[in-house]
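A short write-up of the structure that comes next.
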Amino acid sequence: MRSPHQLAMYVAGIDIGSTSGEALILDGDRIVAWSVIDTGYNSRRAAEQALRLALAQANLTQDRLQRIVATGYGRVAVEFAHQQVTEISCYARGIHHLYPQVQTVVDIGGQDSKVVAVAPGGKPLDFAMNDKCAAGTGRFLEVMARVLQLELSELGACALRARRAADISSTCTVFAESEVITLVAEGTPREEIVAGICRSIARRVGAMAARVGVEPPVAFAGGVARNSGVVRALEEVLGHRLIVPDEPQIIGALGAALIARDGNSP
Amino acid sequence: MGQSHLRESAPRRVGICSAGVPRELLWAVGCLPVRMFPTAAKPTPAEAYLPRNFCSLTRLLLASYLEGEAPPLDAVVFTDEDDATRRLHDVWSTCVNIPVWGFLEVPRSGGLHAVRRFAGLLARLATEVAEHTDRPLTPARLRVAIELFNQQRRLLTALRQRWLDGRLPTPAYRRLRRMALTDAPESANDALQAALDAADHDTTASQLAGGDSAPLRILLLAELAAPASLVRQIESNGSRVVGEVSDLDELSVNAPVSSDGDRVEEMLTALAEAYLNQPPGPRLRAVSQRIAYVTHLAEQRAAHAVICAYSKFCDLYLAEYPVLRTELERVNRPVLLLELEDDALSGQHRTRVEAFLEMVRASEPSH
Amino acid sequence: MNHPTDLKVRLLKWQLRSPLGLLLARALLAGRPQKPHHRISADFFMQIARRTYTSRPAPVVWSNLFMPSELFWALGITPFFPEAWTGLAASMGLSAVGLTQSAAVGYPVDLCTVHRSGAGLHQAGLFPRADAYVSTSNTCDVAGQVLANFAHTESRPFFFLDVPQTEDEAAVDYVAAQLQQLVDQWTATLGVTYDPDRMRQTIRLSNQARALALEVEHLREAEPTPLRGSGMLDQLAMLTSMPGHPVGVTYYQALLDYAKSRLANPEQPTQKTRLYWMHLMPYFQSELLAHLEDDLGAAIVAEEISHVWWDELDEVQPLRALARKMLGLYFNGPIERRVNQAVTQIARYRCRGAVHFSHWGCRQSAGALHVVRAQLRKIGVPLLVLDGDCIDPENLQLGPLRTRVDAFMEMLT
């Protein structure tokens, strides 16, 4: 009699972003394992490492994987993948799997942000991505966290303690950094500055979302979705409560794995 | 004939964003023409409808109305002033709940054909707007309106002279000019007259610049208006502003418009002629004329230097800049260009202004 | 004025100003494999180069792209369109020269690179001398201003044609009157004469070329479409310079014959999805369109800028006809014109999606895309907006654009 392992059909999705890389192994509808690593400077190595970690967790070897789909900024470098699919399609697919009713998904990643209108069935209906500027991305938060001598993970809670948000008017990350330094020098409470930073990023993404058209329910995925300050600011800007998955960072990898499972067309 | 017949109902507030729209015309058909100024709203909400790399003044205007921060309007009238305004007109109705009552094409020359065409377009605009106000254009109404705004021109010209003589502080002068562009002309004229009387009775010279040396005299160039923060910085730095070539000040119809004639057509032609022959802005592409005007003004006002305070991505003004700068420097007037996202000067901009003024001061023999 | 010391630029300057140099370039081009219509257009532009740089048998007038070429040919004037030649310079890798030079003389870096690079290339001595300048007020603010700047600096006559946003008879009168003024100015200052017979012949040639171009448009409706869209995105240069010149008829006949020959054997063998392309493209070497067409199987079956937008010209009232041609341009007037054209073409060519290449710095084309997107959404056609640059390779990031293009195609298939 064959073991459950032998009967399973394992597939994997690998999402290689500019800052982090994720791998996720799926068996049917069941998430068997997943991993998150820093991408570093070599996307291919990052993909291999992420997959290796996930396989180890699942107690599997790579030859047990029927199909691998790569997505994200570094997808082209994942030569061992059977297919490369953009993160737009993967995010739509991934969020649809977890929350079939979601019609809009917002993703704020390390160096880009996107809004995808999701059709029934999980295909993207329309999308918008940030234009060449870091101001609506995780990079913006990283820069500001460094200036304020906070860990990225501390930003959300800090923002939520603020009674008001400081005004960050610069639309450029570099100039906003100067502005924040000035605010610090003037004695503006750190919480208010962080709340202002969150609001700034939310407004930038909100404007992009309006181009696509925001239909609720709205989900928020990507690493920045862990920042409760940005979540609250984005909810205020969009005027809708946001659905934030438990593991917002793995949605792209999940979508890629689902596409690997379901065949050729995303 | 008083104003009473014009005040049967309160005038409808109609926003305009061009110095090419004859305010007399709108007043005569029962509207208060309100020049649209941006508020302190951030431009980000406008980026849902206009690209980020788009005239910042236009984005700020749109953002002001999207955020509901701008003074209320009953309608707007757009023009084909430039690419930015045309595209603003295109997107306006999709995102702002203020109706568009007209689109006025303003010819780009003051020649005979252009004047004739413009007079016809003004008649059409009057008809379109009057459909909403139910106050058709008549010779009497138009004559009264022209005379009212001529009175305003006389008052503003006098106030400008008081300002140049140092009897009216710059912030007050600019506030009065802005009020003239946004408030009902009758009450605006009363306020202007009161300010003129006050300036004439004030025998003390206005302390516009401190220090022992004569102030550095700066001519400003801008589109709608130079930022108040820039004017403040200049005048707190031992310098003074001696002119502003913008819609707020010099780029307007300064001379009285003729209200002669019994027919509307005659007065519309006079209006067309006056508005098409205002001091030249870059929209005419009459480079020699524009340069001659700016250099003459700089000479007349004994300006030591020029600061161009333009909106970022405002192509019409930025594209003429290289030649304007070359010609001004040829007549020993250094030029500083600022490309501004909004009215608040950033630290970088403030530093540049300060450095520029220091540089000019150091090179001026009298300083 | 600082002259670039780059060898390529020096060689080019010699080549452009030397009859021998131009002959050499012509011979080199003739030796390369070329499609028949490309041979004709290359020859035509070499002729323009000779007439503007070296022999100068007729006055040379610089113009923006939307002056009707018929007027120049009818008056025996050689037109020079700096926007088109800036595109050509970009394809030769010369954009950096133009952009550096223009920044050095003070052109702000956020202005459209087409005009900035053109200003810089002129500053570098790579463009021919002008006897006069002319510009229309459409389609954009910058074109006319830059030409006015040159005219002022060089003390040359400049005529600015004010083109209204409406198309009524009063607007036609107004533009026609200006065209007459322009003709009067040129006959007085450039020594040319207005010959009504010559004008009539020019109009006839224009109409013939137009009819042939319309046949090409009709052929492209076929499925699969015979011609690659990427090869048709330079049509704007032909449509704006050839009508009225005999070469217009020759060129479009050759293009038509070529298109017919490719019906059974399309240039692009794999065509998965039909697209409508709006605005321009990168004129420097870029993989973007190859990726779209060859890697993803997208067939660009119609382009906004290759479409004949004007009606047959009336040879009895030529100036009024030309006025109508100028007023009817889709880039003129409210955004609805571009939307209506897009909707019509999308239906005609059975396009599944539309792509707008947003040239950084082109406010008039990208400003109201919100409206275009919304209107196309109503007919079920998604619009992909690609932010890039036609002239400056440093302003086009291929990676992010590939992601957008890939995602768009995933969405459509």
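Considering B:Leu324, B:Leu338, B:Leu316, B:Leu328, the condition of being within 14 Å of chain C (Cβ to nearest Cβ), of a type outside the set (Asp, Glu), buried (at least 21 other Cβ atoms within 10 Å of the Cβ) and farther than 27 Å from C:Ala366 by Cβ is satisfied by B:Leu328 alone. Give all pairs with beta carbons closer than 9 Å in which a residue from the range B:71-100 that is of a type in the set (D, E, K, R) meets a residue that is surrounded by fewer than 17 Cβ atoms within 10 Å (Cβ to Cβ); count only pairs at least 6 apart in sequence or on separate chains. Partner pairs satisfying both residue conditions: B:Asp74/B:Pro99; B:Asp90/C:Glu336. Counting residues in the range C:31-42 that are surrounded by 19 or more Cβ atoms within 10 Å (Cβ to Cβ), at pLDDT 90 or above and not polar (S, T, N, Q) gives one or more. For the residues A:Arg146, A:Arg93, the requirement of being under 30 Å from C:Ala354 (Cβ atoms) and not in a loop (DSSP other than H, G, I, E, B) singles out A:Arg93. May I ask you to verify whether C:Ala96 is touching a strand residue (DSSP E or B) at 6+ places or on another chain (Cβ under 6 Å) and of a type outside the set (Val, Ile, Thr)? So C:Ala96 does not fit the description; no.
Within the option set A:Gly239, A:Gly263, being closer than 22 Å to C:Leu412 by Cα and surrounded by fewer than 22 Cβ atoms within 10 Å (Cβ to Cβ) holds for one residue only, A:Gly263.
Filtered by the rule that a residue be among the basic types (Lys, Arg) and farther than 15 Å from C:Val355 by Cβ, the range C:249-297 gives C:Lys260, C:Arg262. Residues in the range A:29-43: is at least one within 12 Å of another protein chain (Cβ to nearest Cβ), in contact with a strand residue (DSSP E or B) (Cβ under 6 Å, 6 or more places away or on another chain), without any contact (Cβ under 8 Å) to a residue 40 or more places away in the chain and outside any helix (DSSP H, G or I)? No, the conditions are met nowhere in the range A:29-43.
Which residues, taken from the range C:146-165, are polar (S, T, N, Q) and either in contact (Cβ under 8 Å) with a residue 12 or more places away in the chain or away from every other protein chain (no Cβ under 11 Å) (or both)?
Within the range C:146-165, C:Asn149, C:Gln165 qualify.
The residue list A:Gly156, A:Gly196 contains one member that is within 14 Å of chain B (Cβ to nearest Cβ), part of a helix (DSSP H, G or I) and of a type outside the set (Val, Ile, Thr), which is A:Gly196.
What residue, among those in the range B:70-99 that are assigned to a strand (DSSP E or B) and surrounded by fewer than 24 Cβ atoms within 10 Å (Cβ to Cβ), is farthest from the other protein chains (Cβ to nearest Cβ)? Give the derivation first.
Initial filter on the range B:70-99 (assigned to a strand (DSSP E or B)): B:75-79.
Still in the running and surrounded by fewer than 24 Cβ atoms within 10 Å (Cβ to Cβ): B:75, B:77-79.
Values: B:Ala75: 18, B:Val77: 14, B:Phe78: 10, B:Thr79: 10 Å.
Looking at residues that are assigned to a strand (DSSP E or B) and surrounded by fewer than 24 Cβ atoms within 10 Å (Cβ to Cβ), I get B:Ala75.
Residue-level check: of (1) free of Cβ contacts under 8 Å to residues at least 60 places away in the same chain; (2) more than 10 Å from chain B (Cβ to nearest Cβ), C:Asp131 misses just (1). Restrict the check to the range A:197-213 and report whether at least one residue is surrounded by 24 or more Cβ atoms within 10 Å (Cβ to Cβ), under 15 Å from A:Ser20 (Cβ atoms) and not acidic (Asp, Glu). No; the residues of the range A:197-213 include none that is surrounded by 24 or more Cβ atoms within 10 Å (Cβ to Cβ), under 15 Å from A:Ser20 (Cβ atoms) and not acidic (Asp, Glu). Quick one: which helices (runs of 4 or more DSSP H) sit completely within the range C:81-126 and have at least 3 residues that are without any contact (Cβ under 8 Å) to a residue 40 or more places away in the chain and surrounded by 24 or more Cβ atoms within 10 Å (Cβ to Cβ)? Once the helices (runs of 4 or more DSSP H) in the range C:81-126 are filtered for at least 3 residues that are without any contact (Cβ under 8 Å) to a residue 40 or more places away in the chain and surrounded by 24 or more Cβ atoms within 10 Å (Cβ to Cβ), what remains is C:113-123.
Conditions (1) out of contact with any Gly (no Cβ under 8 Å at 6 or more places or on another chain); (2) closer than 30 Å to C:Asp406 by Cβ; (3) more than 11 Å from chain B (Cβ to nearest Cβ), marked per residue:
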position: C:Trp309; (1), (2), (3): no, no, yes
position: C:Val316; (1), (2), (3): yes, no, yes
position: C:Leu319; (1), (2), (3): yes, no, yes
position: C:Ala323; (1), (2), (3): yes, no, yes
position: C:Val343; (1), (2), (3): yes, yes, yes
position: C:Trp360; (1), (2), (3): no, yes, no
position: C:Gly367; (1), (2), (3): yes, yes, no
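Looking across the range B:25-73, the residues that are more than 20 Å from the chain's Cα centre (by Cα) and among the basic types (Lys, Arg) come down to B:Lys42, B:Arg52.
Does B:Ala130 satisfy the criteria of being under 30 Å from C:Val172 (Cα atoms), in a helix (DSSP H, G or I), in contact (Cβ under 8 Å) with a residue 60 or more places away in the chain and among the hydrophobic types (A, V, I, L, M, F, W, C)? Yes; evaluated as a whole, the condition is true for this residue. Taking the numbered list (1) modelled with pLDDT of 95 or more; (2) closer than 27 Å to C:Tyr174 by Cβ; (3) not aliphatic (A, V, I, L, M) in turn, B:Gly111 passes all entries but (1). C:Asp168 meets each of the listed conditions (1) closer than 22 Å to B:Arg285 by Cα; (2) within 11 Å of chain B (Cβ to nearest Cβ) apart from (1).
The values are calculated or read from the model by the stated rules, or taken from the named source; none is laboratory data. Everything quoted here is computed from the prediction, not taken from an experiment. Because the Cβ atoms are built from the backbone with ideal geometry, glycine has one as well, and the counts that use them run over all protein chains shown.
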